[in-house]
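Asker: A single structure is presented below for examination.
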Amino acid sequence: MRLLLCLGGLLALSSCAPQTTTTAPVRQIKVSGYGTVTAYPDLAEITVEVSFTKPRLKDATVETQAVVEQVIAASRPFINKPEDLRVSHVSTNKEYDYVREKQVFVGFEATQSLTVQLADLNRLEAYMEALLQTRISRIKSLTYDHSRADSLRREAHMIALRNALKSADKLCGVLGTKRGAVLEVTEGYGSSGDNDGWGRPRPVDMELYGKGMGGRSFRITPELMHFGGVVQAAVALE
């Protein structure tokens with residue numbers, strides 16, 4: 001009798017247990033879109049390098065810092081605020097050369113770089129002329145940028161999302177269904193031409209021999225910038 005009661009209780013409990021139900025996966029499609037915004041840059045960033053090699057480390061450091069002070073003085077009339085001018089620490093190194101297939105110690109090299117952000121591109125040519133009147137060793141980079149770069153990238157992503165949803169609408173028309181909610185959005189960046197992926201033209205690097213320039217040339221006149229955005233979206237089907 002006890003065995004029958006126990007079995008009856010187990011059957012009653014099993015009948016009360018919740019039934020597991022499987023949820024059908026959401027029908028969805030994945031689409032991508034690309035958006036681009038163009039604008040002319042409104043600021044430039046110039047990095048120059050000063051380097052000297054002397055038999056004594058102290059002499060190389062003193063001469064390097066003297067030229068750096070000269071560059072700072074030449075740059076001040078062209079900047080709006082102190083943080084537009086950044087100066088690195090002096091780095092030192094031993095310089096060697098090969099003479100008759102032997103490594104010969106030449107002296108101690110001291111190097112220091114300066115970066116200037118120029119907010120008025122109309123004064124860029126005058127500033128470059130002022131730099132070339134100093135004893136800088138190299139123009140490491142000249143890059144253009146935009147003060148509203150972040151906003152322009154966001155605008156490019158919004159255009160990309162709209163284009164992705166247009167693609168989704170076309171697919172839904174082919175499938176004979178309606179577009180539902182956007183389930184997931186993934187953003188990326190795109191670029192074209194000579195941009196570095198963030199809309200900025202690629203930097204250049206030029207060594208100065210006397211006052212001649214070695215290496216890549218650069219443009220004083222900035223080119224149009226392209227800010228690209230890529231969006232991948234998962235969209236539900238109704």
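Asker: Would you order His89, His157 from fewest to most other beta-carbon atoms within 10 Å of each residue's own beta-carbon?
Answerer: Taking fewest neighbouring Cβ atoms as first place, the list is His89, His157.
Asker: Quick one: which residues, 5+ away or cross-chain, put their amide H under 5 Å from the amide H of Leu43? H built at 1.01 Å from N.
Answerer: Asp145, Ser147
Asker: Next question, about the same structure. Please go through region 95-147 and write out the GluC sites (Glu not before Pro) that DSSP classes as loop and that have at most 16 other C-beta atoms within 10 Å.
Answerer: Here the sparse-neighbourhood loop sites are Glu101.
Asker: Can you run phi through the Karplus equation (6.51, -1.76, 1.60; θ = phi - 60°) for region 164-172 and list ³J(HN,Hα) in whole Hz, with x for Gly and Pro?
Answerer: These are the phi-based 3J(HN,Hα) values: 5, 5, 5, 5, 5, 4, 5, 5, 5 Hz.
Asker: Additional query: What are the trypsin sites (Lys or Arg not before Pro) within region 49-119 that DSSP puts in a loop, where the Cβ has at most 10 other Cβ atoms within 10 Å?
Answerer: Arg56, Arg100
Asker: Cβ neighbours within 10 Å, averaged per peptide: list 179-186, 114-121 in order, most packed at the top.
Answerer: Ranking the peptides 179-186, 114-121 by packing returns 114-121, 179-186.
Asker: While we're here: Total Lys pairs in region 43-145 closer than 28 Å by alpha-carbon, pairs eight or more apart in sequence or interchain only?
Answerer: Here the count comes out as 9.
Asker: Residue by residue through region 51-68, what is 3J(HN,Hα) from phi via Karplus (6.51 cos²θ - 1.76 cosθ + 1.60, θ = phi - 60°)? Round to whole Hz and write x for glycine and proline.
Answerer: Karplus-based 3J(HN,Hα) across region 51-68 equals 8, 9, 10, 9, x, 10, 4, 4, 5, 5, 5, 4, 5, 4, 5, 5, 5, 4 Hz.
Asker: Tyr189's amide H: which non-local residues (gap 5+, or another chain) put their own amide H closer than 5 Å, with H modeled 1.01 Å from N in plane and none for Pro or chain starts?
Answerer: Answer set, sorted by chain and number: Val230.
Asker: Which one of Val174, Ala149, Pro82 is farthest out on the positive end of the charge dipole of region 31-179, using unit charges on Cβ (Lys, Arg +1; Asp, Glu -1) and the Cα centre as origin?
Answerer: Checking the options against the dipole of region 31-179, the answer is Val174.
Asker: Using each residue's phi in region 28-38, evaluate 6.51 cos²θ - 1.76 cosθ + 1.60 at θ = phi - 60° and report the 3J(HN,Hα) Karplus result to the nearest Hz, with x for Gly and Pro.
Answerer: 8, 10, 10, 10, 9, x, 10, x, 9, 10, 10
Asker: Let me ask another. From the residues Tyr127, Val67, Pro55, which one has its Cα farthest along the dipole of region 43-145 in the positive direction, the dipole being from +1 and -1 charges on Cβ of Lys/Arg and Asp/Glu about the Cα centre?
Answerer: Pro55
We did not get these values from a lab; they are worked out from the coordinates using the rules stated. Just so you know, these numbers come straight off a predicted model, no measurement behind them. Note that each Cβ is placed from the backbone with ideal geometry, even for glycine, and that neighbours are counted across all protein chains shown.
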